[in-house]
Amino acid sequence: MFSRRTRWSLEPNQLTTRLQLRRAAGGEVLDLTEANPTRAGLGWPGAALAEALADPQVASYQPSPRGLPAARAAVAAYYQRRGVAMDPDHLVLCASTSEAYSFVFKLLADPGDAVLVPRPSYPLFEFLATLESLVVRSYPLACEGRWRIDTAALAAGCTADVRAIVVVSPNNPTGSFLSQPELAALRALGRPLVADEVFGDYALGEDPTRVGTLAASREGLSFTLSGLSKLAGLPQLKLGWIAVAGEPALVGRALERLDVIADTYLSVGTPVQLATPRLLEQAPAQKARIQERVEGNRAVLARTLGPESAARALPADGGWYAVVRLPRTRSEEAWVLELLERDGVLTHPGYFFDFDEEAYLVLSLLPEPAVFAEAAARLARRVDG
Ligand SMILES: Cc1ncc(COP(=O)(O)O)c(C=O)c1O
């Protein structure tokens, strides 16, 4: 009765089951998987949101496939503040970055075609692609002092059925940005690029080799995805976008077709579009709070897992996550379950993000500083005794 693409195994995994049991028994959980800013003491004040959302124009409906012009102008102004010239007509608004992927995959690929995604990376790709009846193939990132794309493996994996290459910059969870030489290698493959830049504003330090954004590119064809979820810490408002860039003729043709896709759903709500100019004006203050939290927790982790520790936080250039390498004295699964059951510390195992080897943990850097510091100390004690 149901489609093959929804034939998922819906059994909860061991970690979920044990976590539910622990919570049901009233056990303590220091949650280092919490990446929802509204649950990490990093929500916007309710009054500021209510004010931004209280526009009387909400009473009228003006359907517009690319999104309301004022909202798109505000997104273009956000790019202009980052030094990137952006034509508001090259933006298509949608409900989230996840939905943006589905629009772009519909535009670029037919059922059975493949998309290339980074590995390790964001675990949702498998679902996003499968729901479009696409095949997901991955290309590796390697950590040699710092993370880099294995461009030779990427080129080898770019077979005739690959219709798009996804880059996540900075990547979740490695925190690595796309570099200029990597971009040149990607472009040489001649496929449209889908650049997930949701964490693009969360960079550590400066690096001239970093690609700031693909949103202003004039080469090939690229789709830059972002939204309010991360850059303004507002996942609950559901507004994302696609910035189409590249050779002007290709951009025009892509936009015409995206118009039809977006018009079919008209998914982004009027209230959030009307509020977007005000929300984006206030976003830098919120972003600064999140950045401060992330940098503070990253520094605590580095101090806690000092040079003598058998656990090591891997280098990162940005993002909201830390990757910790653990000794291979036990499996990732065993580490994660032991940390939960003996120390009350919840972490993500690396295999959730498709790391090539064991044993890695992925930690969110959003939790409250006291929670994070205590959890990091327990992790260090568990590893080092
Ligand atoms: C790399 C990456 N892309 C996209 C998303 C989803 O963003 P949105 O809330 O806009 O769908 C996430 C959420 O964690 C993410 O980590």
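The values are calculated or read from the model by the stated rules, or taken from the named source; none is laboratory data. These numbers come from a predicted model, not from an experiment. Backbone-built Cβ (ideal geometry, glycine too); neighbour counts: all protein chains shown. Just so you know, the surface numbers come from the protein's heavy atoms only, side chains and all, with ligands and any DNA or RNA stripped out. Shrake-Rupley method; radii C 1.70, N 1.55, O 1.52, S 1.80 Å.
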Checked the range 66-80 for anything more than 16 Å from the ligand (Cβ to nearest atom) and touching a residue at least 12 places away in the same chain (Cβ under 8 Å); matches are 66, 68, 69, 70, 72, 73, 74, 76, 77, 79
So residue 70, is it surrounded by fewer than 20 Cβ atoms within 10 Å (Cβ to Cβ), among the hydrophobic types (A, V, I, L, M, F, W, C) and either under 17 Å from residue 200 (Cβ atoms) or in contact with a strand residue (DSSP E or B) (Cβ under 8 Å, 6 or more places away or on another chain) (or both):
no
Flagged in the range 323-342 as buried (at least 17 other Cβ atoms within 10 Å of the Cβ) and free of Cβ contacts under 8 Å to residues at least 60 places away in the same chain, in numbering order, are 324, 325, 326, 332, 335, 339
In the range 85-128, how many are crowded, with 18+ Cβ neighbours inside 10 Å, touching a residue at least 60 places away in the same chain (Cβ under 8 Å) and more than 16 Å from the ligand (Cβ to nearest atom)?
4
Identify, from the list 233, 240, 220, the residue that is touching a strand residue (DSSP E or B) at 6+ places or on another chain (Cβ under 7 Å) and at positive phi.
220
Is it the case that some residue within the range 345-352 is surrounded by 15 or more Cβ atoms within 10 Å (Cβ to Cβ) and part of a loop (DSSP other than H, G, I, E, B)?
yes
All conditions in (1) assigned to a loop (DSSP other than H, G, I, E, B); (2) open to solvent by less than 30 Å² (accessible area, probe 1.4 Å); (3) at pLDDT 95 or above are true of residue 224 except (1)
Where a residue in the range 214-228 is touching a residue at least 60 places away in the same chain (Cβ under 8 Å) and of a type in the set (A, V, I, L, M, F, W, C) and its partner, wherever it lies, is within 8 Å of the ligand (Cβ to nearest atom) and part of a loop (DSSP other than H, G, I, E, B), with Cβ under 8 Å and at least six apart:
225/198
Considering only the range 173-227, state which residues are within 25 Å of residue 277 (Cα to Cα) and in contact with a Lys or Arg (Cβ under 8 Å, 6 or more places away or on another chain).
198, 199, 201, 202, 203, 212, 213
Take the conditions within 12 Å of the ligand (Cβ to nearest atom) and open to solvent by 10 Å² or more (accessible area, probe 1.4 Å) and apply them to residue 248. Does it pass?
no
Determine which single condition residue 245 fails, assuming it passes every other condition in (1) farther than 30 Å from residue 42 by Cβ; (2) part of a helix (DSSP H, G or I).
(2)
Per-region count, the range 251-277, residues over 13 Å from residue 75 (Cβ atoms) and more than 16 Å from the ligand (Cβ to nearest atom)
17
Applying the selection to the range 303-315, what residues are loosely packed, with under 14 Cβ neighbours inside 10 Å and among the small types (Gly, Ala, Ser)?
306, 310
